[in-house]
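Comments concern the structure below.
The values are calculated or read from the model by the stated rules, or taken from the named source; none is laboratory data. Please read these numbers as outputs of a predicted model, since none were measured by experiment. We place every Cβ from the backbone using ideal geometry, glycine too, and count neighbours over all the protein chains shown. When the accessible area is computed, the model is the full protein with side chains, heavy atoms only, and any ligands, DNA or RNA have been set aside. Shrake-Rupley method; radii C 1.70, N 1.55, O 1.52, S 1.80 Å.
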Amino acid sequence: MNQPKVSIIVPVYNSEKYLAMCLDSIIRQDYPALEVILVDDGSQDNSGLICDRWSKKYTLITVIHQNNQGVAAARISGYRQSSGDFVMFIDSDDYIKPGMVTQMVSCMINQQVDMVCCQYEESQEGKNFQTKVRPPVGRYNRQKLNELLSNNFLYDNRTYEAGMNLYLVTKLIKRSKYVEKALLNSLGLWYGEDMVAVLTLCYSVPAIYVLQDSFYVYRRYNEQVTKQYRSDLVQAHSSTMHRIIDIDKNHFLHKQIPLRSFNTLGRVTRKMVKSGLTYNQFKIEIQNEEKSFLMNLAMKVNSHDFSWKDRFKFQLFYKKFYFFYYVILKIKG
């Protein structure tokens, strides 16, 4: 019996420090029907050369070199080049555990679903940390997916996180029109592209299965773009929220979007303070964003859904007591 072919697509950009470990973890998978497509997205370090070196050594690896267009565009290039029955995406600075592909393909076939989701660990300074299993393990048909979307898919105010693991890299997906649709929906975003892609898939596919196993290792380090504060960060989050609202045709997420937006605003302001902004600089940044889409969404939140601490922070923000808000963030570090 022929086994389904799996395409692993790896967007690569300036990841020479971690790329070999990523590729080694893929090559060591015990699944035989595998193709690997590396998309060098205009890397300015030696990543492109490393890709070429590995492709000469292993015939299952194909390399695409293109001008820098962002991770979503790189994924699209790789997907269109791929020929697998199933597809998975891996970030070039992360790695996967042995048996990941075999176990997820087995689950896909046995459970007769269109997407399998595994869990992930976070790796920082040589130590791995298990993350919470999200959502609960099991099979989700269309009805259960709709319930998940309505309840806490994007944000759960009890846990302060999404009820769904929103990383595309922890998914094995059956090839269909929905995969390219998900990638196209995330095109042009540099923050939250995974969230948009996963939402598109969960809105579209008939059924998924959630595994208990943590097969993916997500690496955290200080140089990551998503950990830094940039002056266009609020705008980036605003663009992501625009996409999410466009996808949410059935309004499953209408109560979660303001909560997620306020939580995001909190993370952005913490990054502002950690970046070393003085209060006057902080105030100017906030005032510049008062009319942003993200800020408007965040201010629509029902503060009764918050704990008393979050309700207090919301009131400080809502009444523009930015100095006290800044002091609280500074004290908390």
Filtered residues of segment 247-276 (kept if in contact (Cβ under 8 Å) with a residue 24 or more places away in the chain and farther than 23 Å from E193 by Cα)
V273, K274, S275
Identify, from the list S231, S214, the residue that is in contact with a helix residue (DSSP H, G or I) (Cβ under 8 Å, 6 or more places away or on another chain) and not in a helix (DSSP H, G or I).
S231
Tell me whether segment 13-33 contains one or more residues that are in a strand (DSSP E or B), surrounded by 15 or more Cβ atoms within 10 Å (Cβ to Cβ) and not basic (K, R).
no
Of the residues that make up segment 284-291, is at least one touching a Ser or Thr at 6+ places or on another chain (Cβ under 9 Å), more than 27 Å from L148 (Cα to Cα), free of Cβ contacts under 8 Å to residues at least 60 places away in the same chain and among the β-branched types (V, I, T)?
yes
Are any residues in segment 91-129 among the polar types (S, T, N, Q), under 22 Å from A182 (Cα atoms) and open to solvent by less than 30 Å² (accessible area, probe 1.4 Å), and if so, which ones?
S92, Q119
Please specify each residue of segment 194-209 satisfying the condition of being open to solvent by 30 Å² or more (accessible area, probe 1.4 Å) and not aromatic (F, W, Y).
P206
List, please: which pairs have Cβ atoms under 9 Å, are six or more places apart or on different chains, and start with a residue in segment 302-330 that is closer than 13 Å to L259 by Cα and end with one that is open to solvent by 100 Å² or more (accessible area, probe 1.4 Å)?
N302/K255; S303/Y318; D305/K255; F306/F312; D310/Y160; R311/H304
Being out of contact with any Leu (no Cβ under 7 Å at 6 or more places or on another chain), open to solvent by 70 Å² or more (accessible area, probe 1.4 Å) and over 29 Å from C22 (Cβ atoms) is true for just one of R158, R175, R142. Which residue is that?
R158
Exactly one of L253, L297, L265 is under 30 Å from S150 (Cβ atoms), buried (at least 17 other Cβ atoms within 10 Å of the Cβ) and in contact with a Pro (Cβ under 9 Å, 6 or more places away or on another chain), and that one is L297
Filter pass, V105 being more than 21 Å from K249 (Cα to Cα), of a type in the set (V, I, T) and at pLDDT 95 or above:
yes
